[in-house]
Amino acid sequence: MTTRVRRAAAYAAVSTLALAAPILEWASAIAFGAVAVGALSVTDGPVFELFARPADRQEGRLHGLAAFGFAAAAIALLTSFAGLPSHVLVASVLVVGYGNIAQQIAWRFDAEPILRTGAFVTGGLVAAVLGQVLALRAESVPVALPEVVFLAASGALLAGLLRSVLFARDDPLVMLSVAFLLWLFADLTVVVTVDGIAVAIAVTALFGYVSWALDAASIPGMMTGALLAMLTIVLGGYGWFAVLIAFFSIGSLSTKFRYEQKAARGVAEDNEGARGSGNVLGNAAVALVAVLAYAAHDKFAVSGHVFLFAFAGSIATAMSDTLSSEIGGVFDDPRLITTFERVEPGTDGGVTWQGELAGIAGAAVVAGIAALLFESVGTTGAAVITLAGAGGMTMDSLLGATMEGDRLGNQSVNFLATLTGALVGAGLAVLVLS
(Lines give C-alpha, C1' and ligand atoms only; values in the text may rest on other atoms or scores of the structure.)
Protein backbone atom coordinates (compact mmCIF):
# COMPACT_ATOMS: atom_id res chain seq x y z
CA MET A 1 0.00 0.00 0.00
CA THR A 2 1.48 3.36 -1.05
CA THR A 3 1.84 6.36 1.23
CA ARG A 4 -0.94 8.18 -0.64
CA VAL A 5 -3.39 5.31 -0.19
CA ARG A 6 -2.50 4.82 3.49
CA ARG A 7 -3.00 8.50 4.19
CA ALA A 8 -6.33 8.56 2.34
CA ALA A 9 -7.45 5.47 4.26
CA ALA A 10 -6.57 7.18 7.55
CA TYR A 11 -8.60 10.25 6.60
CA ALA A 12 -11.49 8.00 5.56
CA ALA A 13 -11.35 6.35 8.98
CA VAL A 14 -11.59 9.77 10.64
CA SER A 15 -14.53 10.70 8.40
CA THR A 16 -16.33 7.56 9.59
CA LEU A 17 -16.78 9.30 12.96
CA ALA A 18 -19.64 11.16 11.27
CA LEU A 19 -21.75 8.00 11.46
CA ALA A 20 -21.99 8.52 15.22
CA ALA A 21 -23.59 11.97 14.79
CA PRO A 22 -27.21 10.76 15.02
CA ILE A 23 -26.38 9.16 18.38
CA LEU A 24 -23.83 11.59 19.82
CA GLU A 25 -25.61 14.70 18.50
CA TRP A 26 -23.70 17.82 19.64
CA ALA A 27 -21.00 15.61 21.14
CA SER A 28 -19.98 14.66 17.59
CA ALA A 29 -18.66 18.21 17.21
CA ILE A 30 -16.53 17.65 20.30
CA ALA A 31 -15.21 14.39 18.82
CA PHE A 32 -14.13 16.05 15.58
CA GLY A 33 -12.81 19.04 17.50
CA ALA A 34 -10.70 16.72 19.63
CA VAL A 35 -9.25 15.20 16.44
CA ALA A 36 -8.37 18.68 15.19
CA VAL A 37 -6.77 19.82 18.46
CA GLY A 38 -4.93 16.54 18.84
CA ALA A 39 -3.59 16.83 15.30
CA LEU A 40 -1.96 20.17 16.09
CA SER A 41 -0.08 18.60 19.00
CA VAL A 42 1.49 15.85 16.89
CA THR A 43 4.84 16.77 15.37
CA ASP A 44 6.44 13.39 14.73
CA GLY A 45 6.01 9.67 15.21
CA PRO A 46 3.83 7.09 13.43
CA VAL A 47 0.64 9.17 13.61
CA PHE A 48 2.40 12.10 12.01
CA GLU A 49 3.83 9.87 9.30
CA LEU A 50 0.40 8.38 8.63
CA PHE A 51 -1.52 11.65 8.21
CA ALA A 52 1.16 14.09 7.03
CA ARG A 53 0.73 15.61 3.59
CA PRO A 54 3.73 17.19 1.83
CA ALA A 55 2.80 20.65 3.14
CA ASP A 56 2.43 19.25 6.66
CA ARG A 57 5.95 17.82 6.51
CA GLN A 58 7.34 21.21 5.55
CA GLU A 59 5.49 22.93 8.40
CA GLY A 60 6.02 20.19 10.97
CA ARG A 61 2.34 20.12 11.96
CA LEU A 62 -0.72 18.12 10.83
CA HIS A 63 -2.53 21.20 9.60
CA GLY A 64 -4.41 19.17 6.99
CA LEU A 65 -5.94 16.82 9.54
CA ALA A 66 -6.67 19.72 11.91
CA ALA A 67 -8.53 21.63 9.18
CA PHE A 68 -10.44 18.47 8.24
CA GLY A 69 -11.49 17.97 11.87
CA PHE A 70 -12.48 21.60 12.42
CA ALA A 71 -14.60 21.63 9.23
CA ALA A 72 -16.42 18.44 10.27
CA ALA A 73 -16.93 19.91 13.76
CA ALA A 74 -18.44 23.07 12.24
CA ILE A 75 -20.92 21.03 10.21
CA ALA A 76 -21.76 19.00 13.32
CA LEU A 77 -22.52 22.22 15.20
CA LEU A 78 -24.86 23.27 12.38
CA THR A 79 -26.60 19.93 12.84
CA SER A 80 -27.10 20.50 16.56
CA PHE A 81 -27.97 24.19 16.59
CA ALA A 82 -29.10 25.27 13.12
CA GLY A 83 -31.22 22.37 11.88
CA LEU A 84 -28.88 20.84 9.32
CA PRO A 85 -30.04 17.21 8.99
CA SER A 86 -27.72 14.59 10.47
CA HIS A 87 -27.71 12.55 7.26
CA VAL A 88 -26.45 15.64 5.38
CA LEU A 89 -23.54 15.86 7.85
CA VAL A 90 -22.76 12.20 7.26
CA ALA A 91 -22.94 12.53 3.47
CA SER A 92 -20.80 15.68 3.39
CA VAL A 93 -17.97 14.18 5.44
CA LEU A 94 -18.00 10.69 3.93
CA VAL A 95 -18.12 11.91 0.33
CA VAL A 96 -14.76 13.61 0.84
CA GLY A 97 -13.16 10.95 3.02
CA TYR A 98 -14.07 7.97 0.87
CA GLY A 99 -13.94 9.83 -2.43
CA ASN A 100 -10.30 10.60 -1.68
CA ILE A 101 -9.34 6.99 -1.01
CA ALA A 102 -11.08 5.81 -4.19
CA GLN A 103 -9.18 8.46 -6.15
CA GLN A 104 -5.85 7.50 -4.60
CA ILE A 105 -6.40 3.83 -5.42
CA ALA A 106 -7.11 4.79 -9.03
CA TRP A 107 -3.96 6.97 -8.99
CA ARG A 108 -1.92 3.98 -7.81
CA PHE A 109 -2.84 2.16 -11.00
CA ASP A 110 -1.82 5.14 -13.14
CA ALA A 111 -5.37 5.83 -14.20
CA GLU A 112 -5.99 8.79 -16.50
CA PRO A 113 -7.21 12.04 -14.89
CA ILE A 114 -10.78 11.44 -16.06
CA LEU A 115 -10.78 7.99 -14.43
CA ARG A 116 -9.33 9.35 -11.18
CA THR A 117 -12.07 11.96 -11.08
CA GLY A 118 -14.66 9.29 -11.83
CA ALA A 119 -13.26 7.12 -9.03
CA PHE A 120 -13.58 10.03 -6.58
CA VAL A 121 -17.21 10.64 -7.56
CA THR A 122 -18.11 6.95 -7.47
CA GLY A 123 -16.41 6.30 -4.13
CA GLY A 124 -17.96 9.39 -2.58
CA LEU A 125 -21.41 8.56 -3.95
CA VAL A 126 -21.43 4.99 -2.61
CA ALA A 127 -20.13 6.05 0.81
CA ALA A 128 -22.64 8.91 1.04
CA VAL A 129 -25.56 6.61 0.17
CA LEU A 130 -24.60 3.97 2.72
CA GLY A 131 -23.82 6.57 5.36
CA GLN A 132 -27.16 8.33 4.95
CA VAL A 133 -29.06 5.06 5.14
CA LEU A 134 -27.31 4.17 8.42
CA ALA A 135 -27.86 7.67 9.83
CA LEU A 136 -31.56 7.73 8.99
CA ARG A 137 -32.10 4.27 10.46
CA ALA A 138 -30.27 5.30 13.63
CA GLU A 139 -32.80 8.12 13.98
CA SER A 140 -35.70 5.77 13.11
CA VAL A 141 -36.52 7.92 10.09
CA PRO A 142 -37.95 6.22 6.97
CA VAL A 143 -35.36 5.91 4.23
CA ALA A 144 -36.46 7.38 0.89
CA LEU A 145 -33.73 5.79 -1.22
CA PRO A 146 -34.18 7.90 -4.39
CA GLU A 147 -33.82 11.13 -2.38
CA VAL A 148 -30.81 9.68 -0.57
CA VAL A 149 -29.14 8.76 -3.87
CA PHE A 150 -29.92 12.19 -5.31
CA LEU A 151 -28.27 13.94 -2.37
CA ALA A 152 -25.28 11.60 -2.54
CA ALA A 153 -24.85 12.05 -6.30
CA SER A 154 -25.18 15.84 -6.08
CA GLY A 155 -22.66 15.98 -3.25
CA ALA A 156 -20.21 13.68 -5.03
CA LEU A 157 -20.41 15.67 -8.26
CA LEU A 158 -19.90 18.99 -6.48
CA ALA A 159 -17.01 17.57 -4.46
CA GLY A 160 -15.46 16.10 -7.62
CA LEU A 161 -15.80 19.45 -9.37
CA LEU A 162 -14.18 21.37 -6.53
CA ARG A 163 -11.41 18.78 -6.14
CA SER A 164 -10.62 19.08 -9.86
CA VAL A 165 -9.83 22.79 -9.46
CA LEU A 166 -8.56 22.87 -5.85
CA PHE A 167 -5.94 20.96 -3.84
CA ALA A 168 -6.09 18.21 -1.23
CA ARG A 169 -5.49 20.79 1.49
CA ASP A 170 -8.76 22.45 0.46
CA ASP A 171 -10.84 19.45 1.57
CA PRO A 172 -12.45 21.51 4.39
CA LEU A 173 -13.78 23.98 1.81
CA VAL A 174 -15.08 21.11 -0.30
CA MET A 175 -16.77 19.52 2.72
CA LEU A 176 -18.48 22.74 3.80
CA SER A 177 -19.63 23.52 0.24
CA VAL A 178 -21.18 20.06 -0.10
CA ALA A 179 -22.91 20.42 3.28
CA PHE A 180 -24.57 23.72 2.35
CA LEU A 181 -25.67 22.47 -1.07
CA LEU A 182 -27.21 19.28 0.35
CA TRP A 183 -28.84 21.24 3.17
CA LEU A 184 -30.56 23.35 0.52
CA PHE A 185 -31.71 20.29 -1.41
CA ALA A 186 -32.91 18.53 1.75
CA ASP A 187 -35.23 21.48 2.41
CA LEU A 188 -36.76 21.36 -1.08
CA THR A 189 -40.02 19.49 -1.53
CA VAL A 190 -38.73 17.49 -4.50
CA VAL A 191 -40.18 14.10 -5.34
CA VAL A 192 -37.45 11.81 -6.67
CA THR A 193 -38.43 8.45 -8.14
CA VAL A 194 -36.28 5.36 -8.58
CA ASP A 195 -36.56 5.55 -12.36
CA GLY A 196 -35.94 9.29 -12.32
CA ILE A 197 -32.70 9.16 -10.34
CA ALA A 198 -31.45 6.11 -12.24
CA VAL A 199 -31.96 7.85 -15.59
CA ALA A 200 -30.48 11.08 -14.23
CA ILE A 201 -27.28 9.35 -13.10
CA ALA A 202 -26.95 7.39 -16.34
CA VAL A 203 -27.55 10.42 -18.55
CA THR A 204 -25.27 12.60 -16.43
CA ALA A 205 -22.42 10.09 -16.63
CA LEU A 206 -22.84 9.72 -20.39
CA PHE A 207 -23.13 13.46 -20.93
CA GLY A 208 -20.02 14.15 -18.88
CA TYR A 209 -17.90 11.48 -20.55
CA VAL A 210 -18.94 12.40 -24.09
CA SER A 211 -18.26 16.10 -23.51
CA TRP A 212 -14.76 15.23 -22.27
CA ALA A 213 -14.05 12.57 -24.92
CA LEU A 214 -14.98 14.95 -27.74
CA ASP A 215 -12.81 17.72 -26.23
CA ALA A 216 -15.90 19.87 -25.78
CA ALA A 217 -14.94 20.52 -22.15
CA SER A 218 -12.00 20.20 -19.79
CA ILE A 219 -12.38 17.96 -16.74
CA PRO A 220 -13.60 20.86 -14.53
CA GLY A 221 -15.91 21.95 -17.35
CA MET A 222 -17.15 18.40 -17.75
CA MET A 223 -17.83 18.10 -14.01
CA THR A 224 -19.66 21.42 -14.00
CA GLY A 225 -21.81 20.35 -16.92
CA ALA A 226 -22.51 16.97 -15.33
CA LEU A 227 -23.65 18.59 -12.09
CA LEU A 228 -25.89 21.00 -14.01
CA ALA A 229 -27.32 18.09 -15.98
CA MET A 230 -28.08 16.11 -12.84
CA LEU A 231 -29.84 19.00 -11.12
CA THR A 232 -31.74 20.01 -14.24
CA ILE A 233 -33.12 16.51 -14.78
CA VAL A 234 -34.13 15.92 -11.16
CA LEU A 235 -35.32 19.40 -10.18
CA GLY A 236 -36.75 20.45 -13.53
CA GLY A 237 -37.41 17.46 -15.71
CA TYR A 238 -36.40 15.93 -19.01
CA GLY A 239 -37.74 18.89 -20.98
CA TRP A 240 -35.52 21.30 -19.07
CA PHE A 241 -32.54 19.02 -19.69
CA ALA A 242 -33.33 18.86 -23.42
CA VAL A 243 -33.12 22.66 -23.59
CA LEU A 244 -29.83 22.61 -21.68
CA ILE A 245 -28.27 19.83 -23.75
CA ALA A 246 -29.26 21.61 -26.97
CA PHE A 247 -27.15 24.57 -25.91
CA PHE A 248 -24.14 22.46 -24.93
CA SER A 249 -24.31 20.38 -28.10
CA ILE A 250 -24.86 23.14 -30.65
CA GLY A 251 -22.58 25.52 -28.79
CA SER A 252 -19.74 22.97 -28.76
CA LEU A 253 -20.20 22.26 -32.47
CA SER A 254 -20.12 25.97 -33.25
CA THR A 255 -16.85 26.29 -31.30
CA LYS A 256 -15.29 23.71 -33.64
CA PHE A 257 -16.69 25.51 -36.72
CA ARG A 258 -13.68 26.68 -38.80
CA TYR A 259 -11.57 26.52 -35.66
CA GLU A 260 -8.24 26.84 -37.48
CA GLN A 261 -9.45 29.93 -39.31
CA LYS A 262 -10.63 31.51 -36.05
CA ALA A 263 -7.37 30.56 -34.33
CA ALA A 264 -5.39 32.29 -37.09
CA ARG A 265 -7.52 35.41 -36.60
CA GLY A 266 -7.04 35.28 -32.83
CA VAL A 267 -10.75 34.84 -32.04
CA ALA A 268 -10.86 31.12 -31.21
CA GLU A 269 -11.59 29.68 -27.77
CA ASP A 270 -8.54 28.54 -25.83
CA ASN A 271 -7.69 24.84 -25.33
CA GLU A 272 -8.97 23.97 -28.82
CA GLY A 273 -12.47 24.92 -27.78
CA ALA A 274 -12.62 22.78 -24.62
CA ARG A 275 -14.65 24.82 -22.16
CA GLY A 276 -13.63 25.12 -18.52
CA SER A 277 -15.80 25.37 -15.44
CA GLY A 278 -15.71 29.19 -15.49
CA ASN A 279 -17.04 29.28 -19.03
CA VAL A 280 -19.74 26.69 -18.30
CA LEU A 281 -20.86 28.45 -15.12
CA GLY A 282 -20.75 31.88 -16.76
CA ASN A 283 -23.24 30.63 -19.34
CA ALA A 284 -25.36 28.34 -17.14
CA ALA A 285 -25.26 29.68 -13.56
CA VAL A 286 -28.42 31.73 -14.07
CA ALA A 287 -30.17 28.72 -15.58
CA LEU A 288 -29.21 26.67 -12.52
CA VAL A 289 -30.66 29.31 -10.20
CA ALA A 290 -33.86 29.26 -12.26
CA VAL A 291 -34.08 25.47 -11.88
CA LEU A 292 -33.59 25.74 -8.11
CA ALA A 293 -36.20 28.48 -7.89
CA TYR A 294 -38.62 26.35 -9.89
CA ALA A 295 -38.07 23.44 -7.51
CA ALA A 296 -38.85 25.78 -4.59
CA HIS A 297 -41.59 27.79 -6.31
CA ASP A 298 -44.14 26.72 -3.70
CA LYS A 299 -42.22 28.97 -1.29
CA PHE A 300 -42.72 32.01 -3.57
CA ALA A 301 -45.83 33.87 -4.62
CA VAL A 302 -44.80 33.28 -8.24
CA SER A 303 -46.02 30.70 -10.73
CA GLY A 304 -43.54 28.00 -11.65
CA HIS A 305 -43.82 28.76 -15.38
CA VAL A 306 -42.17 32.15 -14.78
CA PHE A 307 -38.99 30.36 -13.75
CA LEU A 308 -39.28 28.16 -16.84
CA PHE A 309 -39.16 31.29 -19.01
CA ALA A 310 -36.27 32.65 -16.97
CA PHE A 311 -34.43 29.37 -17.58
CA ALA A 312 -35.22 29.30 -21.30
CA GLY A 313 -34.36 33.00 -21.66
CA SER A 314 -30.95 32.51 -20.09
CA ILE A 315 -30.18 29.44 -22.22
CA ALA A 316 -31.41 31.26 -25.34
CA THR A 317 -28.99 34.07 -24.48
CA ALA A 318 -26.10 31.66 -24.01
CA MET A 319 -26.90 29.95 -27.30
CA SER A 320 -27.35 33.27 -29.11
CA ASP A 321 -24.11 34.74 -27.77
CA THR A 322 -22.11 31.59 -28.52
CA LEU A 323 -23.33 31.30 -32.12
CA SER A 324 -22.94 35.00 -32.82
CA SER A 325 -19.32 34.88 -31.59
CA GLU A 326 -18.31 31.57 -33.12
CA ILE A 327 -19.92 32.09 -36.51
CA GLY A 328 -19.53 35.86 -36.71
CA GLY A 329 -15.84 35.48 -35.89
CA VAL A 330 -15.04 34.07 -39.33
CA PHE A 331 -16.38 37.14 -41.16
CA ASP A 332 -14.58 40.39 -41.84
CA ASP A 333 -15.47 43.98 -41.02
CA PRO A 334 -17.01 43.69 -37.55
CA ARG A 335 -18.36 46.94 -36.16
CA LEU A 336 -18.46 48.16 -32.58
CA ILE A 337 -22.05 47.90 -31.39
CA THR A 338 -21.98 51.30 -29.65
CA THR A 339 -20.56 53.45 -32.48
CA PHE A 340 -20.71 51.18 -35.56
CA GLU A 341 -17.05 51.93 -36.24
CA ARG A 342 -15.01 49.22 -37.93
CA VAL A 343 -12.88 47.25 -35.46
CA GLU A 344 -10.45 44.35 -35.60
CA PRO A 345 -11.90 40.81 -35.41
CA GLY A 346 -12.07 39.66 -31.80
CA THR A 347 -12.60 43.16 -30.39
CA ASP A 348 -14.95 43.06 -27.40
CA GLY A 349 -18.31 44.46 -28.48
CA GLY A 350 -17.59 43.99 -32.18
CA VAL A 351 -20.47 42.44 -34.17
CA THR A 352 -21.13 41.31 -37.72
CA TRP A 353 -24.51 41.03 -39.37
CA GLN A 354 -23.83 37.35 -40.03
CA GLY A 355 -23.11 36.77 -36.36
CA GLU A 356 -26.24 38.64 -35.30
CA LEU A 357 -28.40 36.51 -37.61
CA ALA A 358 -26.74 33.34 -36.29
CA GLY A 359 -27.41 34.48 -32.73
CA ILE A 360 -31.07 35.15 -33.38
CA ALA A 361 -31.35 31.76 -35.09
CA GLY A 362 -29.78 30.14 -32.01
CA ALA A 363 -32.31 31.81 -29.72
CA ALA A 364 -35.09 30.66 -32.05
CA VAL A 365 -33.83 27.07 -31.84
CA VAL A 366 -34.04 27.15 -28.04
CA ALA A 367 -37.49 28.72 -28.29
CA GLY A 368 -38.64 26.06 -30.72
CA ILE A 369 -37.45 23.23 -28.47
CA ALA A 370 -39.19 24.80 -25.47
CA ALA A 371 -42.42 25.26 -27.44
CA LEU A 372 -42.29 21.64 -28.56
CA LEU A 373 -41.71 20.24 -25.07
CA PHE A 374 -43.79 22.56 -22.87
CA GLU A 375 -47.48 23.20 -23.43
CA SER A 376 -47.27 26.43 -21.42
CA VAL A 377 -44.90 27.98 -23.96
CA GLY A 378 -46.70 27.83 -27.30
CA THR A 379 -46.11 30.22 -30.20
CA THR A 380 -46.32 33.38 -28.13
CA GLY A 381 -43.99 31.93 -25.50
CA ALA A 382 -41.51 30.96 -28.22
CA ALA A 383 -41.48 34.57 -29.42
CA VAL A 384 -40.84 35.69 -25.83
CA ILE A 385 -37.87 33.33 -25.48
CA THR A 386 -36.42 34.43 -28.83
CA LEU A 387 -36.68 38.09 -27.80
CA ALA A 388 -35.10 37.27 -24.45
CA GLY A 389 -32.18 35.54 -26.17
CA ALA A 390 -31.66 38.38 -28.62
CA GLY A 391 -31.87 40.91 -25.80
CA GLY A 392 -29.33 39.04 -23.72
CA MET A 393 -26.99 38.75 -26.73
CA THR A 394 -27.23 42.50 -27.29
CA MET A 395 -26.45 43.14 -23.62
CA ASP A 396 -23.37 40.93 -23.95
CA SER A 397 -22.12 43.03 -26.86
CA LEU A 398 -22.85 46.30 -25.05
CA LEU A 399 -21.01 45.15 -21.94
CA GLY A 400 -18.16 43.94 -24.11
CA ALA A 401 -17.86 47.33 -25.78
CA THR A 402 -18.09 49.38 -22.58
CA MET A 403 -16.88 47.38 -19.58
CA GLU A 404 -15.18 44.12 -20.53
CA GLY A 405 -11.46 44.01 -19.89
CA ASP A 406 -11.00 46.92 -17.51
CA ARG A 407 -13.94 46.25 -15.21
CA LEU A 408 -15.39 42.86 -16.09
CA GLY A 409 -14.00 39.52 -17.23
CA ASN A 410 -15.54 37.39 -19.94
CA GLN A 411 -17.30 35.06 -17.47
CA SER A 412 -18.83 38.05 -15.65
CA VAL A 413 -20.09 39.47 -18.93
CA ASN A 414 -21.60 36.09 -19.83
CA PHE A 415 -23.28 35.91 -16.44
CA LEU A 416 -24.79 39.40 -16.72
CA ALA A 417 -25.95 38.72 -20.27
CA THR A 418 -27.70 35.48 -19.33
CA LEU A 419 -29.20 37.24 -16.31
CA THR A 420 -30.59 39.85 -18.69
CA GLY A 421 -32.08 37.14 -20.88
CA ALA A 422 -33.63 35.46 -17.85
CA LEU A 423 -35.16 38.70 -16.58
CA VAL A 424 -36.50 39.62 -20.02
CA GLY A 425 -37.96 36.14 -20.46
CA ALA A 426 -39.58 36.09 -17.02
CA GLY A 427 -40.80 39.70 -17.29
CA LEU A 428 -42.38 39.24 -20.71
CA ALA A 429 -43.95 35.96 -19.56
CA VAL A 430 -45.65 37.81 -16.70
CA LEU A 431 -46.79 40.68 -18.93
CA VAL A 432 -47.84 38.74 -22.03
CA LEU A 433 -48.80 35.25 -20.85
CA SER A 434 -50.34 35.85 -17.43
In the stretch 88-137, how many are within 15 Å of Leu182 (Cα to Cα) and touching a Gly at 6+ places or on another chain (Cβ under 6 Å)?
6
List the pairs whose first member sits in the stretch 207-236 and is over 14 Å from Ala159 (Cβ atoms), whose second member is part of a loop (DSSP other than H, G, I, E, B) and not hydrophobic (A, V, I, L, M, F, W, C), and whose Cβ atoms are under 6 Å apart, counting only residues at least 6 apart or on separate chains?
Ser218/Gly276; Gly221/Gly276
Condition test on Ser154, is it at pLDDT 90 or above, among the hydroxyl-bearing types (Ser, Thr, Tyr) and either closer than 16 Å to Val126 by Cβ or surrounded by 20 or more Cβ atoms within 10 Å (Cβ to Cβ) (or both)?
yes
Check off (1) of a type outside the set (Val, Ile, Thr); (2) at pLDDT 85 or above; (3) surrounded by fewer than 18 Cβ atoms within 10 Å (Cβ to Cβ) for Phe257 and give me the number that stays unchecked.
(2)
Within the stretch 292-321, can you find the residues that are buried (at least 20 other Cβ atoms within 10 Å of the Cβ) and over 18 Å from Val424 (Cβ atoms)?
Ala295
So for the stretch 70-92 (the condition being touching a helix residue (DSSP H, G or I) at 6+ places or on another chain (Cβ under 9 Å), free of Cβ contacts under 8 Å to residues at least 60 places away in the same chain, open to solvent by less than 40 Å² (accessible area, probe 1.4 Å) and farther than 20 Å from Leu158 by Cβ), does at least one residue qualify?
yes
Search result, residues across the stretch 17-52 that are open to solvent by less than 30 Å² (accessible area, probe 1.4 Å) and in contact (Cβ under 8 Å) with a residue 40 or more places away in the chain:
Ala18, Ala21, Pro22, Ser28, Ala29, Phe32, Gly33, Phe51, Ala52
Name the one entry in Leu130, Leu161 that is in contact (Cβ under 8 Å) with a residue 40 or more places away in the chain, hydrophobic (A, V, I, L, M, F, W, C) and open to solvent by 10 Å² or more (accessible area, probe 1.4 Å).
Leu161
For the stretch 90-114, which residues satisfy the criterion of being among the hydrophobic types (A, V, I, L, M, F, W, C), within 23 Å of the chain's Cα centre (by Cα) and more than 20 Å from Ala213 (Cβ to Cβ)?
Val90, Ala91, Val93, Leu94, Val95, Val96, Ile101, Ala102
Yes or no: Val121 within 17 Å of the chain's Cα centre (by Cα) and under 22 Å from Met222 (Cα atoms)?
yes
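Conditions tested, residue by residue: (1) charged (D, E, K, R); (2) out of contact with any Phe, Trp or Tyr (no Cβ under 9 Å at 6 or more places or on another chain); (3) farther than 19 Å from Val133 by Cβ.
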position	(1), (2), (3)
Thr3	no, yes, yes
Leu17	no, no, no
Ala21	no, yes, no
Ala39	no, no, yes
Thr43	no, yes, yes
Leu62	no, no, yes
Ser80	no, no, yes
Only one of Glu59, Glu25, Glu49 is in contact with a helix residue (DSSP H, G or I) (Cβ under 7 Å, 6 or more places away or on another chain) and acidic (Asp, Glu), namely Glu25
Looking only at the stretch 188-217, filter to residues that are modelled with pLDDT under 75 and surrounded by 17 or more Cβ atoms within 10 Å (Cβ to Cβ); which one of those is nearest to Thr232 (Cα to Cα)?
Ser211
Residue that is modelled with the lowest pLDDT [pool: residues in the stretch 1-24 that are under 28 Å from Ser140 (Cα atoms) and more than 31 Å from the chain's Cα centre (by Cα)]:
Leu24
Scanning the stretch 218-233 residue by residue, those open to solvent by 10 Å² or more (accessible area, probe 1.4 Å) and over 18 Å from Val178 (Cβ atoms) turn out to be Ser218, Ile219, Met222, Ile233
Scope the stretch 333-360; condition small (Gly, Ala, Ser) and touching a helix residue (DSSP H, G or I) at 6+ places or on another chain (Cβ under 7 Å); matching residues
Gly346, Gly349, Gly355, Ala358, Gly359
Flag if Arg7 is in a helix (DSSP H, G or I), in contact (Cβ under 8 Å) with a residue 40 or more places away in the chain and either open to solvent by 30 Å² or more (accessible area, probe 1.4 Å) or in contact with a His (Cβ under 8 Å, 6 or more places away or on another chain) (or both)
yes
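The values are calculated or read from the model by the stated rules, or taken from the named source; none is laboratory data. Not measured: the values here are computed from a predicted model. Using ideal geometry, Cβ is built from the backbone for each residue, glycine included, and neighbour counts are taken over all protein chains shown. Accessible surface is based on the protein model in full, side chains and every heavy atom, while ligands, DNA and RNA are left aside. Shrake-Rupley method; radii C 1.70, N 1.55, O 1.52, S 1.80 Å.
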